[in-house]
Every structure is written in C-alpha cells, then in structure tokens.
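Novice: Sending over a structure as structure tokens; questions will come in a sec.
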Amino acid sequence: MTTTIADPEVAENAEKSRAEIPHPSLSKGSNLYGGTKVFPDYQASEGQAWLGLVHAIAHESSVSFVAILQATRALRKGFETALYFYGPGAINCNANRGFPTTGDDAFPGENNINNALKAFIDEGGTVYCCRFGMALHGMREEDLIEGVIPAHALDVQDAVIHYANKGAIIQSNFMV
C-alpha cells in the first residue's frame with residue numbers, strides 16, 4: 001500500500017512507521033481469545049422468569065441493543081422473558097425508524113434494534129413500552145413495533161413487583 005505524501009521526509013517516516021509492525025499481524029480466522037466458558041450454561045427451571053428494564057436511548061450507546069440480546073438469550077434458555085422500555089427507552093420501540101424511508105438503513109445497523117425486538121417477540125418474548133416515555137418523545141401508540149404492549153406510566157413499578165413476586169431475575173439497563 002502506498003500513500004501519496006508530497007514531503008519526502010514525511011513519506012519516508014510514514015512508510016517506516018507502517019513497517020514497524022507487520023500487517024495483518026494475524027491471518028483471518030485466528031483466535032484472539034480463549035473459548036473456555038467459566039460458568040455453567042444455566043437453563044431456566046420450570047416457571048422461572050426474566051425481566052429486563054431498559055431506560056436507554058436507541059443508538060446512543062449499546063445499552064439498549066445489548067439488553068435485547070440478553071433477553072433473547074434468556075428466552076432461548078427457557079425463561080418466561082419480558083422487556084420493559086420506559087423513559088427515554090421507549091423510543092427503542094418505534095417502528096418508524098429508517099432514512100430516507102421507514103425500514104431503510106441510513107447507516108449500517110440503523111434497524112438492529114427494530115429487527116432484534118421483532119425477533120424477540122416472534123420467539124415468544126413480551127415487550128412493554130411506557131406510554132409516558134412515548135409521550136416524552138412524541139411517539140403515538142400506532143408508532144410502536146407490532147406486538148409491543150403499551151403500558152400505563154404507573155405500571156413500571158408494578159411490573160417490577162409482579163416479576164419479583166414470581167422470583168424473576170431482574171436486569172436493569174440504565175444509561176446516564
């Protein structure tokens with residue numbers, strides 16, 4: 001690979017810098033990390049539940065997307081699994097994502113959250129979205145991804161109590 005640099009000294013130093021470490025240092029497919037799983041691969045016992053609370057803005061960090069991936073994994077392990085999006089987390093449930101039209105990806109992964117939520121719901125997961133959180137961001141109930149259940153603002157606390165009473169594992173995902 002050559003770079004066009006007009007200044008000969010800078011060009012020479014650039015090539016010297018590039019040659020200091022061979023690239024690629026590992027061939028494609030090389031393991032970067034070991035594969036030993038430390039903890040057992042737990043599966044849900046009969047009737048076990050999982051509740052993921054999400055108070056994080058879509059695309060502002062990986063918090064929301066990782067919460068959906070964690071819930072999907074819990075669902076696949078046999079847990080009765082629900083996600084509850086509230087506050088700014090409500091915008092994760094917006095079906096009208098895309099540019100220039102809904103469903104289009106203006107950047108790679110723009111619809112990752114939508115696609116992951118649709119898959120979670122299709123596999124039997126339950127998704128709640130706080131109406132107050134929706135209102136804070138100008139969302140209407142008809143803007144929700146199909147299958148998402150709109151919930152009253154006072155339901156957040158009662159959902160936690162409901163799932164705690166079931167003995168659920170409760171994972172709270174919060175972005176500051």
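Novice: Probe radius 1.4 Å, ligands and nucleic acids left out: which of 4, 81 has the largest accessible area, and how do the rest follow?
Specialist: Numbers: 4 140, 81 5 Å².
The residues order as 4, 81, largest area first.
Novice: Moving on. Placing unit charges on C-beta atoms (Lys and Arg positive, Asp and Glu negative, everything else neutral), compute the dipole magnitude of the stretch 90-145 about its Cα centre in debye, rounded to 20.
Specialist: Details: 4 positive and 8 negative charges, 40 e Å.
Roughly 200 debye, rounded to the nearest 20.
Novice: Kindly count the pairs of lysines across the stretch 1-137 whose alpha carbons are less than 28 Å apart, treating pairs on different chains or eight or more residues apart as eligible.
Specialist: Values: 16/28; 28/37; 37/77; 77/118.
Step by step, the pairs that qualify in the stretch 1-137 add up to 4.
Novice: Follow-up question, since we're still on this one. Can you list residues from other chains, or at least 5 along the same chain, whose modelled amide H is less than 5 Å from the amide H of residue 78?
Specialist: So residue 78 has HN proximity to 44.
Novice: As I understand it, the dipole of the stretch 1-61 uses +1 on the Cβ of Lys and Arg and -1 on the Cβ of Asp and Glu, about the Cα centre. Which of 39, 55, 26 lies farthest toward its positive end?
Specialist: Working it through, the farthest residue towards the positive pole turns out to be 39.
Novice: Compute the distance from the alpha-carbon center of the stretch 63-113 to that of the stretch 119-176, in whole Å.
Specialist: Here the two parts' Cα centres lie 12 Å apart.
Novice: Per-residue HN-Hα couplings for the stretch 30-45, Karplus 6.51 cos²θ - 1.76 cosθ + 1.60 at θ = phi - 60°, whole Hz, x for Gly and Pro?
Specialist: Here the 3J(HN,Hα) series is 5, 6, 9, 9, x, x, 6, 8, 7, 9, x, 7, 5, 10, 5, 7 Hz.
Novice: Which whole-Hz ³J(HN,Hα) couplings does the stretch 90-106 yield from phi under the Karplus relation 6.51 cos²θ - 1.76 cosθ + 1.60, θ = phi - 60°, glycine and proline marked x?
Specialist: 4, 5, 5, 8, 6, 6, 8, 9, x, 7, x, 10, 4, x, 7, 9, 6
Novice: Right, something else. With no solvent and one equal point scatterer per Cα, compute the Debye intensity ratio I(q)/I(0) for the chain at 0.08, 0.16, 0.19 Å⁻¹ and report its log10, rounded to two decimals.
Specialist: -0.39, -0.93, -1.20
Novice: Tell me what the chain gives for mean residue ellipticity at 222 nm when only DSSP H runs of n ≥ 4 count, each as -39,500 (n - 2.57), the sum divided by the residue total, rounded to 500 deg cm²/dmol. Present the calculation step by step, with values, prior to reporting the outcome.
Specialist: Details: 5 runs with 54 residues, N = 176.
Computed ellipticity for the chain at 222 nm equals -9000 deg cm²/dmol.
Novice: Now for a separate question. Taking the Cα centre of the chain as origin, work out the dipole magnitude from +1 charges on Lys and Arg Cβ and -1 charges on Asp and Glu Cβ, in debye rounded to 20. Walk me through the numbers on the way to the answer.
Specialist: Details: 12 positive and 20 negative charges, 111 e Å.
For this selection, approximately 540 debye.
Novice: With everything on Cα atoms, drop me the angle between helix 63-76 and the longest principal axis of the chain, reported from 0 to 90° to the nearest 10.
Specialist: 60 degrees
Novice: Shifting gears a bit: Helix 8-19 against the longest principal axis of the chain: what's the angle in degrees, Cα atoms only, rounded to the nearest 10?
Specialist: Relative to the chain, helix 8-19 is tipped by roughly 60 degrees.
Novice: Would you grab the residues whose amide H sits under 5 Å from the one on residue 128? Only those 5+ places off in sequence or on another chain, please, with H modelled 1.01 Å from N.
Specialist: Sorted by chain and number, the residues that satisfy this are 83, 84, 85, 149.
Novice: Now for a different question. If one takes the longest principal axis of the Cα atoms in the chain, at what angle in degrees, from 0 to 90 and to the nearest 10, does the Cα axis of helix 155-165 lie?
Specialist: The angle comes out near 80 degrees.
Novice: Find, among the trypsin sites (Lys or Arg not before Pro) in the stretch 53-97, those assigned to loop by DSSP (not H, G, I, E, B) with at most 16 other beta-carbon atoms within 10 angstrom.
Specialist: Numbers: sites: 73, 76, 77, 97; in loops: 77, 97.
Filter output for the stretch 53-97: 77.
Novice: Sequence-distant or interchain residues sharing an amide H contact under 5 Å with residue 170, placed H: which?
Specialist: Distant-sequence amide H within range of residue 170: 51.
The values are calculated or read from the model by the stated rules, or taken from the named source; none is laboratory data. Quantities reported herein were computed from a predicted structural model and do not represent experimental measurements. Cβ sites come from the backbone with ideal geometry, for glycine too, and all protein chains shown count toward neighbours. With ligands, DNA and RNA removed, areas are computed over all heavy atoms of the protein, side chains included. Shrake-Rupley method; radii C 1.70, N 1.55, O 1.52, S 1.80 Å.
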